[in-house]
Ligand code: GLV
Ligand code: MN
Ligand code: MN
Ligand code: MN
């Protein structure tokens, strides 16, 4: 079975009939089904499967140990996401094992395929939770207390799914076994379309983060409240949406997005009492400067409407430069391929602070990601798996 055959096997899991695409979130039914599927696939290949204290799944080819060559990605998605972001790296890893086995290759180093938990933060808000917990880059108490939109905490959801959230936290043993990590991922922009090639290696990940803006005003009647009597938090909230685009335009290569906005109570004929929105901001070298400027605009707009605002940083990741030596090795093995920067975050970017890490991107002919139109041609998917196999063979020889 090739990587594209494996993707086809899971194509029915977690489809989102109302939003389109896929909604597969940490510890929900769809993600659980995919994790079970992965364990079956790994077991069928004779890999030894273990789940670490943070819910990340490891499938070992041979004896686990330090200096391991590790590859993998995630199986969760954003709400209404595409079929490739995450699963492509997992199925390509399984395919790479098959390709290497068919060649009669046996790794000389420990070798593992990993599935990280909750990469997108689609349910609990903080991205790369599995790798952040593993590496100690999030306080486990804070992680356990994160809530999904329905108010369920991460600890509750994890316990319901059979994990022990009391054990969440830094895992020096699991981290200490990784010698090198390579994540294959669908490309999420136009990079490879413009370059005209099927694969690229990752060069950098732009610094990025998420901020919550909470506005409060006075809930009231939409018909009976004259304009002068209103303290409508939707007004300053709207100003953030506009400021995100306007302020981002002043910075070089900046991205700022409001993709989620929640008015309470959320009635057509009700002036909201509170509005929460989330700003996703990514600016080379200046993300917090951009957020400060947007926050100042929000504070002024809130003051004009007689509302209050608080701004909370919910996650932040610094710029990542993938290991240059590993990148050169990958480039050699692949016979010279482009190096691409990306604005998307990845577990690889979290691990990069701890172990030599590299990424491989597979061309996405739509240039669209985090949406149902995300795509990769079968030939490119299979090319990507072969490229990954060659890379892993080189690293584990
Ligand atoms: C994850 O894909 C992100 O960068 O938002
Ligand atoms: Mn993603
Ligand atoms: Mn991803
Ligand atoms: Mn990502």
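Couple of notes before you dig in:
- Among 380, 32, 164, residue whose mean-square fluctuation peaks in a GNM of the chain (springs only between Cα atoms under 10 Å): 164
- Considering only alpha-carbon pairs that sit under 8 angstrom and 6 or more positions apart, the relative contact order computed for segment 208-317 is 45 percent.
- For the chain, modelled as a GNM whose springs connect Cα atoms under 10 angstrom apart, the maximal fluctuation among 26, 244, 325 occurs at 325.
- Springs between Cα atoms under 10 Å define the GNM used for the chain, and in it the highest mean-square fluctuation of 372, 149, 140 occurs at 149.
- Inverse of mean 1/r across different Cα pairs in segment 1-118, Kirkwood, Å: 14.5 Å
- Over every Cα atom in segment 208-317, the radius of gyration and the widest Cα-Cα span, Dmax, amount to 14.4, 48 Å.
- Distance between modelled label sites at residue 141 and residue 227, nm, 7 Å Cα→Cβ extension: 4.9 nm
- Against the main long axis of the alpha-carbon atoms of the chain, helix 234-248 sits at an angle near 50°.
- Fraction of antiparallel bridges per DSSP, the chain only, in percent to nearest 5: 70 percent
- Helix axis angle, 87-102 relative to the chain longest principal axis, alpha carbon, degrees: 0 degrees
- Degrees between helix 29-44 axis and first principal axis of the chain (Cα, 0 to 90, nearest 10): 10 degrees
- Segment 147-164 and segment 16-38 have Cα centres spaced 15 Å apart.
- Linear extension gain, residue 43 paired with residue 212, 0.36 nm per residue minus alpha-carbon span: 56.7 nm
- Mean-position separation - Cα centroids, segment 197-223 and segment 296-338, in angstrom: 10 Å
None of the figures in this text is laboratory data; all of them are computed from the coordinates on show. Quantities reported herein were computed from a predicted structural model and do not represent experimental measurements. A quick note on method: Cβ atoms are made from the backbone with ideal geometry, for glycine too, and the neighbour counts reach across all protein chains shown.
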